[in-house]
Each structure stands twice: as structure tokens, then as C-alpha cells.
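Engineer: Take this structure, written in C-alpha cells, and hold onto it; I'll ask about it next.
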Amino acid sequence: MENLLKYIIPRIFQCMIVIFVGVTIVFIVPRLTPMDPVQSIISRVTALVDTDPRAVEKLVETLTDLYGLRGSLLEQYLRFWKHLLSGDLGPSLTMFPASVVDIIKISLPWTIGLMTISTIIAWLLGIILGTLAGYFSNKRWSQILGTVVMCIYPIPYYIIALILVLLFAYLLPIFPLMGGASIGLKPSFSWSFITSLLKHGFLPAISLVIGTIGWIFMSQRALISRLVASDFIVFAETASLPRKKILSYLIRNSMLPQITDLALSLGGIFSGAIITEQVFSYPGIGVVLYSAILQGDFNLMMGISIFSIIGIATAALVLDLIYPLLDPRIRYK
Amino acid sequence: MSAFKELLKTDRRFLIGFFIIVTVIILAFMSFFSPYKPDERHVLPKDQSPSLQHPLGTSSLGQDIFWLLTFAIKNSLIIGLLAVFFSRIGAIAIGLLSGYIGGNTDKVLTTLADSFIVLPRLPILILLSFAFRSNLNFLTMAFLLAFLDWAWPSKRYRSQILSLKEMEFTTTAIFSGRRTLGVILKEHIPFLIPYIMADFISGFLWAIGMEITLSVLGLSNLDTPTIGTMIYWANYYQAMLKGTWWWIGPPVIALIITVIGFYLLSVSIGNFLDPRTRIQRIGGWRTE
């Protein structure tokens, strides 16, 4: 028990430091850029109507206050942490007066649903195909599969998404062109909503699977082809153990790095899939983040980034804690 | 040189990869002999399909696509190579420092790397390139990409060093009187080289992919032809819908071929330099 605590506590502590440094970087980076959100709002307002310069001055002051941009960088930073620790991410600068937390609450479920499912499907498929291709590396189908994946892997993700849209939403309109569900349907557990959800999610999900499976397949195949030459597999072959058994040994022994990849990509979901959501007009967090960046909406940008940082850091922490359970060779030391 | 000849003779992957990369480099060099300037527009009739005069046709902007592609390949290669060069120099330096020195240096560097790993990279990249759009050239772009891509590789180099330090031959070398620098240069670096090569390729792919992502979002310098900006302009004029496949196709195919070429080269050189027994002695190269 004491050993366990000695293993866990430093890791939790380290995770917190990592989150702290990460959030600090995300705080500083936008402030180093020449973007000025207050000025951009002012110029949008004053472009339409003639305003009294004194009123503009007042407006600048109020906005600076509201967005937490008053004072030196250090003062802003301290105030930012005070708000953050009380769970307040402030108002969105562009969708005022909606708060950042509310905006994230609306769009995050879409992204989580889409990306969790497609990440897990891609991971499972990649592992299974990669293992088979690595084990039967002399078979013809394995070589053909390898070549096909090698050719698909470098295609820019954007092109994959566009081709899918073009084929299945434009030329053969089987799937809807945009959105997360049909307009007018309220989220509920009704049959019509769920079918509409699946129909709208299908193309984005497939594009994500195609886009990520290549790397998983190739790394799994490489891992397996190294394992196949190792003593215990050679021995298992010589002892003519059943194929199924050998394959399960191979998979178990290659799992560690693959689970790391899976956990980190699940943790990375919180910043959304910007390109996918953009191409398919999916109402997820990626689109929100993208427009926040272009409009200089610091609060929203930081809010989403903080979610993402916490997501990945937590995933890494959970990994560290469950490694010893997954791999008997690693023990709490 | 003899190793090169042997590889050419024995490994088909090396032969194909080498052939592809030489072709790509020749294409990139041909840009110096282009009859058109890279930023020249509306000098040719629009939307011509491939012909003898214009081997890959012309674009809706009145450019010759073949010559444009040579510029695009050259520029994309430069950006990718610069980015991978900067990020890997940082990664190797930090990974080696943290692996060899250990102690507090190691703790600080590892925490810093961990903090960079948890950052959402694409959003930060979009933010920075949006903010500095106006003065984004090859060098700044490469620096931006490198800034976000040193952390993972540095951790992997560190873990490689840690496992190399535990190897028997390290102890043997130290007991037979090699100095630390000698151990590093003569005993450890040869083990790292195949690993570095594979890592270079993956970094290069990431950099090119990010350049394309940024260009497609319209956030890079759109007047410089790169593979990404070519795709951007082709899309802007809806090449896929209009059926001008000779505009959108070449940059995508050039990219795929380049990547495959580099991939084949790295796999075959990695195999050549690093016989399986040696890898197994250091326990696989994905030890995290």
C-alpha cells in the first residue's frame, strides 16, 4: 500500500504541474500576438454608426474590464487563475453575453460523440488488420493491404473529407451534406432523432476513421513483425500452439504503446476535429474554436484549450496509473 | 558508397524509394528553368486540359500547372525539411541532455516536454499563423511548426538513451576505459541513427500535413505556391466540381508519391543499419 501511494502521489503532483505550465502557455501565446479583441469589436461597432469619441473611450474601458485585459500581464494572469479556480471562464467575446462554459456545454457533446466512436473504431480495426498483416506478412493479401494503406496514409485529411462529400452527398446524395441532425429535430431518444443523428454522423465518422487508421495499422504491423522473430513466439510456433493463441500473445505484447496512443487521442478530443467539422459543417467544438481564433475571442479560445489540456493530462495520468495492471512486467516501484 | 550499391541491388524498397525521391528532387530543381514566374497569373488561356504544350493543363487562374507544381514541390520540401531540422535538433539536444545528465535537469526538461505534449497543437498553430499571417515566410513557418513538434520526439530520445545506458556493452565500454563522450559518439549514436531517420520521416510528414492544413484554411501565405496552397486555390475555384481534375490531382498525387518515397527509404535504411538482433537487444524502439 505504501509503495502504491509512493507511486501515485508524485504522478498526480506532476500532472498538476503539467496542467499549470500548459495553461500558462495557452494564456501567454494569444497575448503575444498583435491581435487586439477590444479594438476589433470597436472597429466593428464604429464602422456602422457614427459615435461620440467619449462614448467609444468608455466602451473600450468597459470591454477591457469585461474581458480581463486590464492591467499588466502579471495582474491579468493572477486574475485569470482566480476566476479559473472558481470555475469561471468568463463571457465569450464574440457571442456576448453567452458564457464560455455555456457555449462549450452546447457543442462539446457533438464532438465527443463523433470522435469517441470514430477513434475507437479506427483503433480496433487498425490493431486487428495490422496484427494480421504483420503475422501473415508473406501472404499476397497482406502485401496488397500494406500497399493500399501506404498510399492512403499520406493523403491530406482534407482531401479525404472532400472526396467523401463529393461522392456521397453530391453525386450520390445518400447522406446529408451538412449539420449534426436534421434542422428542427430536438435532441431526444426518439427513433427519428437517432436515425437522423447516425445519418449525419456517418460521413464525418468514416472520414476520421480513414484519416487515422493508416498510422495505427502501420505501427501495429511494425510492432508485430518485430515480435514475430522473438524467442517466445518462435517457441510457440515450434510447439505448434493454435494460431488463435499465438495471435493473442502477439496482441497482448504489442498493446502497451497502442493503448498509450489511444488514450492520448481520446484525451485530445476536447479540442475537436477542426477540419472535419469545418468540411461537414458539424456543430461541434472545433468549428467554435476555429471561429473564436479568427475573431480574436481570447476567452473562448482559452476555455476550449484548457479543457483539452486537462483532457490529455488526465489521460496520461490514468495511463500511468493503469500501466502496472496492463503489463505485469511493470510494477509499482 | 558500397553500402549504397548493396542496398540498390538487394532491397527493392530502396530502389523504388530512391527512384521516387530522385524524380521528386529533379522536379523541384526544374522550377529554376520554369518559363513562368511562380506568381504570374492570367498569362495563359484558362482551364485547358492537358496537352503537349501544357503537359498538366492550365488552371482557372491561367497558370501552367506543371511548372506551378515544380515550384510547389520545391517550396513544400523546403518547409518540411526546415521544420523537421529545427524540431529534431531541439528534440535530440533536449532528449540527450535529459537522458545523460539525469537528476533535476531531467525532471525540469521532462516536465517542460510533458507540458508541450498536452497543448492542443493545431489550435495554437492556427492562432499563431493567423496572428502573424502577414510576415509568414518559410523560416518563420518552419519555426512555428518546430516549436510545436519537439516534445514527443525528445521524450522518445530520452527513453532510448535510458535503455542504452542500461545495456551491457555500455558498462563494458566504460570499464575498458572509454571516456563518456567516446561512449556517446562511438557506442550509442550508431544505435540511434536508424531511429533518428524514422523519426525524421514522421516529423517531415507532420510538418507537410500541417502546412497543407493551414493552407487549406487559408492561413498561410497564399501567393507562394506550395502543395497546400495549390490545393487551396484549386478548391477555391471548385476544381473538383467543375471537373478540372488536372488542377486538384497533381498536388495530391505529388504529395502521396513524395511521402511513399521517403517512407520506403526510411524503412529500408532502418533495416539495413539495424539488424533485428540489435534492436531486440535494446528492447524495441517504442519503449516509452
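Values in this text are rule-based calculations from the coordinates and carry no lab data. What you see is a predicted model, and the numbers here were worked out from it, not measured in a lab. Using ideal geometry, Cβ is built from the backbone for each residue, glycine included, and neighbour counts are taken over all protein chains shown.
Engineer: Could you work out how much longer the chain between A:Thr24 and A:Ile194 gets when fully extended? Use 0.36 nm per residue separation minus the Cα distance between them, nm to one decimal. All intermediate terms of the calculation are to be shown ahead of the outcome.
Structural biologist: Working: separation 170, 0.36 × 170 = 61.20 nm, distance 4.04 nm.
57.2 nm is the gain from fully extending A:Thr24 to A:Ile194.
Engineer: Starting from the Cα gyration tensor of chain A, take the square roots of the eigenvalues, sort them a ≥ b ≥ c, and report rounded, prolate or oblate (rounded when a/c is under 1.5, otherwise prolate if a/b is larger than b/c, else oblate).
Structural biologist: On the way: a/c = 2.74, a/b = 1.57, b/c = 1.74.
Oblate, because a/c is 1.5 or more while a/b does not exceed b/c.
Engineer: Compute the normalised compactness of the protein assembly as shown: alpha-carbon radius of gyration over 2.2 N^0.38 Å, N being the residue count.
Structural biologist: Normalised Cα radius of gyration, the protein assembly as shown: 1.03.
Engineer: For the range A:18-91 and the range B:190-267, what is the separation of their Cα centres, given in Å?
Structural biologist: When both Cα centres are located, 37 Å separates them.
Engineer: May I pose another question? Which of A:Thr260, A:Thr195, A:Gly134 sits closest to the plus end of the dipole of chain A, meaning its Cα is farthest towards the positive end, when Lys and Arg get +1 and Asp and Glu get -1 on the C-beta?
Structural biologist: Towards the positive end, the residue furthest out is A:Gly134.
Engineer: Mind checking the mean number of beta-carbon atoms from other chains within 10 Å of the Cβ atoms in B:124-134?
Structural biologist: Values: counts 8, 1, 6, 13, 5, 1, 6, 8, 4, 0, 1.
Per residue, the average neighbour count from other chains is 5.
Engineer: Looking at A:Ile106, A:Ser72, A:Ile25, which one has the Cα that reaches farthest to the positive end of the dipole of the range A:4-111 (charges on Cβ: Lys, Arg +1; Asp, Glu -1)?
Structural biologist: Projecting each Cα onto the dipole axis, the largest value belongs to A:Ile25.
Engineer: When Cβ neighbours within 10 Å are restricted to other protein chains, what is their mean count per residue of peptide B:166-178?
Structural biologist: On the way: counts 0, 0, 0, 0, 0, 0, 0, 0, 0, 0, 0, 0, 0.
Going residue by residue through B:166-178 and averaging, the value is 0.
Engineer: Please report, in cubic angstrom per residue, the volume enclosed by the convex hull of the alpha-carbon atoms of the range B:78-224.
Structural biologist: Details: hull volume 15.5 nm³, N = 147.
Normalising the Cα hull of the range B:78-224 by residue number yields 106 Å³.
Engineer: Continuing with the same structure: In chain B, if every C-alpha pair distance is counted and binned at 5 Å from zero, what percent goes to each bin?
Structural biologist: Over chain B, the share of Cα pairs per 5 Å bin runs 1, 5, 10, 13, 14, 14, 12, 10, 8, 5, 3, 2, 1, 0, 0 percent.
Engineer: Sticking with this one: I'd like to know which of B:Gly103, B:Leu205, B:Ile124 lies farthest towards the positive end of the charge dipole of the range B:78-224, counting +1 on Cβ of Lys and Arg and -1 on Cβ of Asp and Glu.
Structural biologist: B:Gly103
Engineer: Rounded to the nearest 20 Debye, what is the dipole magnitude of the range B:147-267 about its Cα centre when Lys and Arg each give +1 and Asp and Glu each give -1 at the C-beta?
Structural biologist: That gives a dipole near 280 debye.
Engineer: Can you give the charge dipole size of the range B:108-177 about its Cα centre, rounded to the nearest 20 debye, using +1 on the beta carbon of Lys and Arg and -1 on the beta carbon of Asp and Glu?
Structural biologist: Working: 6 positive and 4 negative charges, 41 e Å.
I would put it at about 200 debye.
Engineer: Among the lysines, select those whose C-alpha is under 17 Å from the C-alpha of B:Lys74, and discard any that sit fewer than 8 residues away in the same chain.
Structural biologist: B:Lys37
Engineer: Report, in deg cm²/dmol and to the nearest 500, the calculated mean residue ellipticity at 222 nm for the protein assembly as shown, where each DSSP H run with n ≥ 4 adds -39500 (n - 2.57) and the sum is divided by the residue count. Before the final figure, lay out each step's value.
Structural biologist: Numbers: 26 runs with 447 residues, N = 621.
For the protein assembly as shown, the value works out to -24000 deg cm²/dmol.
Engineer: Between helix A:140-152 and chain A, what is the angle of the helix's C-alpha long axis to the longest principal axis, kept within 0 to 90° and rounded to the nearest 10?
Structural biologist: That works out to roughly 10 degrees.
Engineer: Please compute, for peptide A:149-158, the average count of beta-carbon atoms on other protein chains lying within 10 Å of each residue's beta-carbon.
Structural biologist: Details: counts 0, 6, 4, 1, 5, 12, 5, 14, 4, 11.
Per residue, the number of nearby Cβ atoms from other chains is 6 on average.
Engineer: Mind grabbing the base-10 log of I(q)/I(0) for the range B:48-139 at q = 0.10, 0.15 Å⁻¹? Debye formula, identical points on the C-alpha positions, no solvent, two decimal places.
Structural biologist: Listed by q, the Debye log ratios stand at -0.51, -0.83.
Engineer: Another question about this same structure. Of the listed pairs A:Lys139/B:Lys5; A:Lys82/A:Lys105; A:Lys244/B:Lys155, which have alpha-carbon separations greater than 26 Å here? Please list the in-between numbers first.
Structural biologist: Working: A:Lys139/B:Lys5 29 Å; A:Lys82/A:Lys105 22 Å; A:Lys244/B:Lys155 35 Å.
Among A:Lys139/B:Lys5; A:Lys82/A:Lys105; A:Lys244/B:Lys155, the Cα-Cα distance tops 26 Å for A:Lys139/B:Lys5; A:Lys244/B:Lys155.
Engineer: Here's another thing I want to ask about it. Of A:Thr62, A:Thr33, A:Thr94, which is the most mobile in a GNM of chain A whose springs link Cα atoms less than 10 angstrom apart?
Structural biologist: It is A:Thr33.
Engineer: Which whole-number percent gives the relative contact order of chain B, counting Cα pairs below 8 Å spaced six or more residues apart?
Structural biologist: Working: 344 pairs, mean separation 77.2, N = 288.
With pairs under 8 Å counted, the relative contact order is 27 percent.
Engineer: Treat every Asp and Glu Cβ in the range B:78-224 as -1 and every Lys and Arg Cβ as +1, leave all other atoms uncharged, and give the resulting dipole magnitude about the Cα centre to the nearest 20 debye.
Structural biologist: On the way: 11 positive and 9 negative charges, 59 e Å.
About 280 debye.
Engineer: Would you kindly state how much longer the chain becomes between A:Ser240 and A:Ile322 on full extension, computed as 0.36 nm times their sequence separation minus their alpha carbon distance, in nm to one decimal?
Structural biologist: Separation in residues times 0.36 nm, less the Cα-Cα distance, equals 26.2 nm.
Engineer: Further, regarding this structure: Using Cα centres only, tell me the gap between the range B:18-71 and the range A:263-286 in whole Å.
Structural biologist: Cα centroid to Cα centroid, the span is 35 Å.
Engineer: Another question about this same structure. Just subtract the alpha-carbon distance of A:Thr46 and A:Gln143 from 0.36 nm times their residue separation and send over the number in nm, one decimal. List each step's numbers first, then the result.
Structural biologist: Details: separation 97, 0.36 × 97 = 34.92 nm, distance 6.39 nm.
Fully extending the segment from A:Thr46 to A:Gln143 adds 28.5 nm.
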